[in-house]
Every structure is written in C-alpha cells, then in structure tokens.
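Read through the structure below, which is laid out as structure tokens, and then see the notes.
The values are calculated or read from the model by the stated rules, or taken from the named source; none is laboratory data. Note that this is a predicted model, so its numbers are computed, not measured. Neighbour counts run over all protein chains shown; Cβ positions are idealised from the backbone, glycine included.
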Amino acid sequence: MKSLSVSDKEYICDLQAPCFQILPLDELELIRASKTQVLFKKGDNLTKQGTFASYVLFIFEGLAIQYIESDTLKSFNLRIIKPGEFIGMFS
C-alpha cells in the first residue's frame, strides 16, 4: 500500500467516475480536499473482517475479491468488486 502525492505519475487528480459527476460543486470540492489516493498491490488486504471501516474505498482500477473466513480459516468468495464500486459502506 502506498499513499500517492500529486507528483506521483499514478496520481489521479480528478474524480471522473459517473457517480461523482452528479454531485454539486461544493460537495465535489469537499471530496477533492479530503480524499487520499492509495495504490494497493496485488494480494494486499483492503479491509479486515470484523473491523469497523472508518473510511470508504472507491475502486478506480483493477479488481478486488470480497470474501469471508470461517472459524477454520477457510475462505469463501462472495463477489468480485470492479472499478466504479465502493467498499466499506453499509447497505
């Protein structure tokens, strides 16, 4: 996991996803001012089962697997998370 700064070539300076385009300018500016862009590597855990998410992740590029672990530590895949989806939000 790497936090990116404006000078990094992977940094995405604008919020181009359709879900952000419908926001009023003041809300969009609030998101721009408070967001942190993080680059994850293949195999990195984005969240941990059983913990409260104090942040929301937006998948811009790549795929993530949502899974649960049983008491015997066996993993069960629930779904594949694609670009344009959020993680860490309750429905």
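Structure notes:
- Selection from segment 2-29 of residues that are at pLDDT 70 or above, within 20 Å of Phe40 (Cα to Cα) and hydrophobic (A, V, I, L, M, F, W, C): Leu15, Ala17
- The set of residues in segment 26-62 being surrounded by 11 or more Cβ atoms within 10 Å (Cβ to Cβ), in a loop (DSSP other than H, G, I, E, B) and of a type in the set (A, V, I, L, M, F, W, C) consists of Phe40, Leu46, Ala53, Ile59, Phe60.
- In segment 38-65, the residues that are within 23 Å of Leu15 (Cα to Cα) and in contact (Cβ under 8 Å) with a residue 40 or more places away in the chain: Lys41, Leu46, Thr47, Phe58, Phe60
- When Gly84 is tested against (1) of a type outside the set (S, T, N, Q); (2) more than 10 Å from the chain's Cα centre (by Cα); (3) not assigned by TED's automatic domain parsing to the domain that holds Ala17, only condition (2) is not met.
- Test: residue in segment 74-87 that is assigned to a loop (DSSP other than H, G, I, E, B), among the polar types (S, T, N, Q) and surrounded by fewer than 10 Cβ atoms within 10 Å (Cβ to Cβ): no
- Pairs are defined by a Cβ separation below 9 Å, a sequence spacing of at least 6 or placement on different chains, a first member in segment 66-84 that is touching a residue at least 40 places away in the same chain (Cβ under 8 Å), and a second member that is surrounded by 10 or more Cβ atoms within 10 Å (Cβ to Cβ) and among the polar types (S, T, N, Q); no pair meets this definition.
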